[in-house]
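Novice: Structure in structure tokens, see below.
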Amino acid sequence: MNGLQQILRSRGVVIVAGSGGVGKTTVSASLAIAGALDGRKTLVVTIDPAKRLAQSLGLPAMGHEPENLTSNLTAGGLKPKGELWGMMLDMKATLDGFVESVVRDPRTRDLVLQNKIYEQVTGSLSGSQEYAAMHKLHELRENGLFDLIILDTPPTTHAIDFLRAPDKLTRFFASGVVQLLTGSDRKGRGGLGRRLLQRGSDLFLGAVEKLTGAELVREVTAFFDLVQNAFEPLSDHGRTVEQLLRSPDTEFVIVCGPQGGQVDEAVQFFRQVTQMGISAGAVIVNRVVLPTVGNKEFKQFQGSADPLHPHTMLDWVSMYEELARVHAAHLKRVEQDVGKGRTFAVDAAPRDLHSLDGLRWIGEQLFGTLFK
Amino acid sequence: MPQVYLVGGKGGVGKTSVSLALAHMFAAHGERTLWMEVAELPRLGHFFPGARNRFEPAEVAPNLFALNHVHAEALEEYLEIVFRVRWLTRRISENSVFGAVTQALPGIESLVLLGKILYEAERTRRGALYWNKIILDSPATGHGKQLLQFPKAAREIVQFGPVAETARKIDKWVRDPGRWSNLLVTLPEALPVQESLEMQTWMADALGYPVSAVLLNQVIDVTEGGPNVPAAGQTRVEWIRQWQTIQRQYGQRLSEESAAPILNIPVLGPHVDERQRLELISRFLSDTLLNGRKA
């Protein structure tokens, strides 16, 4: 049993991180299938997957509530000892759900949800999508319905954004800025607080008004006015979420591409995460060109006379064997940094991965016999 | 020909290298060209070792300038233009209330980026436009959709003031195919092709004119009839053939359904470094786009 399988067996939450376009969603789905095959009741939470991935998991479209997909595995010839469930994270619904859980007064709650710019502000506030993901994760964990939850993170440019984002958001609300804006103190009282702050903040609010037009500022201020008390629990919630991240029950798995820059970023993220006291269990390098048996026969590829013109098949073979050596060197770099037991490679195979067959193939690369 | 080129595409398709090669191409033809990236981890240094990532345009090759757009700095620059008084804008931008509020304003990052592009596009020197070409390496998430959606979204919320004015101006610009061109980079694989087709439809609807071209990256093109491959290489031959089949399948889908013309950009091997690859693709684009020859 390898390190990845060990993670899937022993943890309750696996967060799959990485930049956009590296193959996180397919890897997440594959990990979830592995969990199900191995005997765990597993849920994969994806963010906005392509319709084809939904189909390969057996859904015409992804629902926002967990759906049992185990029968799709058995229909595909696999023998899950556990269960596979899947759902798609809907940021808006999750944030609405969060508002509903935090704002007790139904009238205020409705006012927030119907506020003209609520959707825009939550959409534009940096960290919202990541925050929604963590909130959902926390909720699912609390409900205790699943042994293992695999979270496919949003396609942020850099994996580190995912960790920083919720903190940014909670700090925004907890910083007192909201109170400054609305001219009241933390307990919602106006009066002295307002008068003291009035002079200072007016200059700056005036500047923003001039910049954007008074209407928008008034809308944003009205929104914050509305939620300032309701969102006090936000900072508490932020702490709970952070506890979840640091828990020994949670593991980060990082996915990256095989190029030098991508591998370096993944290793950097691995180090940053570990320094933050969060457990990072594996780096999965996707789309690696693995050397074929004849690799040694094709020595250094010099390149044809004009690299722009189509190569002969012999040129291509030489080139890809050379590329395989380059990728092998990158893999070694990862191994040296994070450990051989924590480094995994998935072949850049010429096949369609958005099918159960494709996911199964990825699983075989990562877990071997479990998928046979 | 348009002055501004937006290069969009999903993450991982090669937008940065292709957009930079395009910029390099124009520069090599004597056009003063500005290439802009929007990145927390700027990539310029991979192609031009030693080049520093700066907010102001810096020359990296003859006629080729590059900058890394950083929202906070650009916002401060924007403020200076609006308020015209330096010490005041510094006080404002350093204020945490201001920072917090502007962070929350919908579309603020798109506004500032588009405003910056407009500013550079309108710059003149001795009566002529300063930049012949401006190429934007679209921020990774959103394909540039978020960016292009901004002017309309802004108009719905902001009626007056400098932002509204800027939004109206930007709107006119992006809708003018004489001034603005949208290019998409994609790969001959299922998801990238699907998304680029969807993006083309969206852009044509939203802007009223089609995407100028689709740049199909990493194409494996084999010249048949070369020397025999020894037995040791047969596994790899099979692997390559299978990739060709996949690429042909999705390449075909793209050419059948794409309204925009498609340009195939070949795979270049590991024997060339990033800088060499840049120059090769730049030369390729020059041959195919500017000399009238189609790939």
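The values are calculated or read from the model by the stated rules, or taken from the named source; none is laboratory data. These numbers were taken from a predicted model, which means no experiment stands behind them. Please note: Cβ atoms are built from the backbone with ideal geometry, for glycine as well, and neighbour counts cover all protein chains shown. In case anyone asks, the SASA skips ligands and DNA or RNA and just uses the protein heavy atoms, side chains included. Shrake-Rupley method; radii C 1.70, N 1.55, O 1.52, S 1.80 Å.
Novice: Hey, can you grab everything whose amide H is under 5 Å from the amide H of A:Thr312? Only 5+ residues off in sequence or another chain; H modelled, so Pro and N-termini drop out.
Specialist: Sorted by chain and number, the residues that satisfy this are B:Thr223.
Novice: Would you please give the residues with an amide H less than 5 Å from that of A:Ile149, counting only those at least 5 places away or on a separate chain, with H modeled from the backbone geometry?
Specialist: Here A:Val13, A:Val14, A:Leu43 satisfy the definition.
Novice: Based on Cα positions only, what radius of gyration and what Dmax would you give for segment B:145-295, in angstroms?
Specialist: In Å, with Rg to one decimal and Dmax whole: 20.3, 72.
Novice: A further question on this structure: I'd like the Karplus ³J(HN,Hα) series for segment A:33-40: coefficients 6.51, -1.76, 1.60, θ = phi - 60°, whole numbers in Hz, and an x wherever there's a Gly or Pro.
Specialist: Result, rounded to whole Hz: 4, 4, x, 5, 4, 7, x, 9.
Novice: Let me ask something additional. To the nearest µm²/s, what D does Stokes-Einstein give for segment A:1-101 at 4 °C and 1.567 mPa s, using the Kirkwood radius over alpha carbon pairs as Rh? Before the final figure, lay out each step's value.
Specialist: Details: Rh = 14.3 Å.
My calculation gives 91 µm²/s for D.
Novice: I need the semi-axes of the equivalent ellipsoid of segment A:245-372: take the C-alpha gyration tensor, multiply each eigenvalue by 5, square-root it, list largest first in whole angstrom. Before the final figure, lay out the partial values.
Specialist: Details: eigenvalues 198, 70, 30 Å².
So the three semi-axes of segment A:245-372 are 31, 19, 12 Å.
Novice: In whole Hz, what ³J(HN,Hα) sequence does segment B:108-123 give by Karplus (6.51, -1.76, 1.60; θ = phi - 60°), x for Gly and Pro?
Specialist: 4, 5, 5, 4, 5, 5, 5, x, 5, 4, 4, 4, 5, 5, 8, 4
Novice: For segment B:219-295, run through the GluC sites (Glu not before Pro) and keep only the ones in DSSP coil with at most 14 other Cβ atoms within 10 Å of their Cβ.
Specialist: Working: sites: B:Glu224, B:Glu238, B:Glu256, B:Glu257, B:Glu274, B:Glu279; in loops: B:Glu224.
Answer in residue order: B:Glu224.
Novice: Using a 10 angstrom cutoff on alpha carbons, build the Gaussian network for chain B and name the most mobile of B:Ala204, B:Ala259, B:Ala121.
Specialist: B:Ala204
Novice: A further question on this structure: Please list the non-local residues whose amide H lies under 5 Å from the amide H of B:Gly8, H modeled 1.01 Å from N, same-chain partners needing a gap of 5 or more.
Specialist: Long-range HN contacts for B:Gly8: B:Leu183, B:Leu184, B:Val185.
Novice: Right, next: What average count of beta carbons from other chains do you get within 10 Å of the Cβ of residues in B:190-199?
Specialist: On the way: counts 5, 11, 1, 0, 3, 1, 0, 0, 0, 0.
Neighbouring Cβ atoms belonging to other protein chains average 2 per residue here.
Novice: Calculate one ³J(HN,Hα) per residue across segment B:73-80 by plugging θ = phi - 60° into the Karplus curve 6.51 cos²θ - 1.76 cosθ + 1.60, and present them in order as whole Hz with x for glycine and proline.
Specialist: Here the 3J(HN,Hα) series is 5, 5, 5, 4, 4, 4, 4, 4 Hz.
Novice: Within 10 Å of each candidate Cβ there may be at most 14 other Cβ atoms; applying that plus a DSSP loop requirement, which GluC sites (Glu not before Pro) in segment B:18-85 survive?
Specialist: Those that pass, being in a loop and sparsely packed, are B:Glu40.
Novice: Give me the aspartates and glutamates in straight-line cross-link reach of A:Lys299: C-alpha distance below 16 Å, same-chain residues under 8 apart excluded.
Specialist: A:Asp315, A:Glu321, A:Glu322
Novice: Next question, about the same structure. Just to check, using Stokes-Einstein with a Kirkwood Rh over alpha carbon pairs, what's the diffusion coefficient of segment B:185-252 at 37 °C and 0.692 mPa s in µm²/s?
Specialist: Details: Rh = 14.2 Å.
The calculation lands on 232 µm²/s.
Novice: Also: Just checking the output field for B:11-19: average partner chain Cβ neighbours within 10 Å of each residue's Cβ?
Specialist: On the way: counts 7, 10, 1, 1, 1, 0, 0, 0, 0.
Average per residue, whole number: 2.
Novice: Nearest 100 Å² is fine: how much accessible area is buried between A and B, summed over both sides, with a 1.4 Å probe?
Specialist: Counting both chains, the buried surface is close to 5900 Å².
Novice: If you don't mind, there's one more thing I want to ask. Given the alpha-carbon gyration tensor of segment A:68-116, what are the semi-axes of its equivalent ellipsoid in whole angstrom, ordered largest first, with each equal to the square root of 5 times an eigenvalue?
Specialist: Details: eigenvalues 316, 22, 7 Å².
Working from the Cα gyration tensor, I get semi-axes of 40, 10, 6 Å.
Novice: Just checking the output field for B:223-230: average partner chain Cβ neighbours within 10 Å of each residue's Cβ?
Specialist: On the way: counts 8, 3, 2, 8, 4, 3, 10, 5.
Mean shielding count: 5.
Novice: Note the full-extension length gain between B:Phe55 and B:Arg179 as 0.36 nm times their separation in residues minus their Cα-Cα distance, in nm to one decimal. All intermediate terms of the calculation are to be shown ahead of the outcome.
Specialist: Numbers: separation 124, 0.36 × 124 = 44.64 nm, distance 2.39 nm.
Contour length minus the Cα-Cα distance gives 42.2 nm.
Novice: Now, a different point. Mean 1/r over all different Cα pairs, inverted: what Kirkwood radius does segment A:303-372 give, in Å?
Specialist: Working: mean 1/r = 0.0680 Å⁻¹.
In segment A:303-372 this quantity evaluates to 14.7 Å.
Novice: What list of whole percents do you get for P(r) of chain B, with Cα-Cα distances grouped in 5 Å bins up to the one holding the largest distance?
Specialist: 1, 5, 11, 15, 17, 16, 13, 9, 6, 4, 2, 1, 1, 0, 0
Novice: Something else: Taking a threshold of 29 Å on the Cα-Cα distance, which of the pairs A:Lys41/B:Lys145; A:Lys24/B:Lys172; B:Lys10/B:Lys169; B:Lys15/B:Lys172; A:Lys136/B:Lys10 fall above it?
Specialist: Details: A:Lys41/B:Lys145 38 Å; A:Lys24/B:Lys172 38 Å; B:Lys10/B:Lys169 27 Å; B:Lys15/B:Lys172 25 Å; A:Lys136/B:Lys10 26 Å.
In this structure, A:Lys41/B:Lys145; A:Lys24/B:Lys172 exceed 29 Å between Cα atoms.
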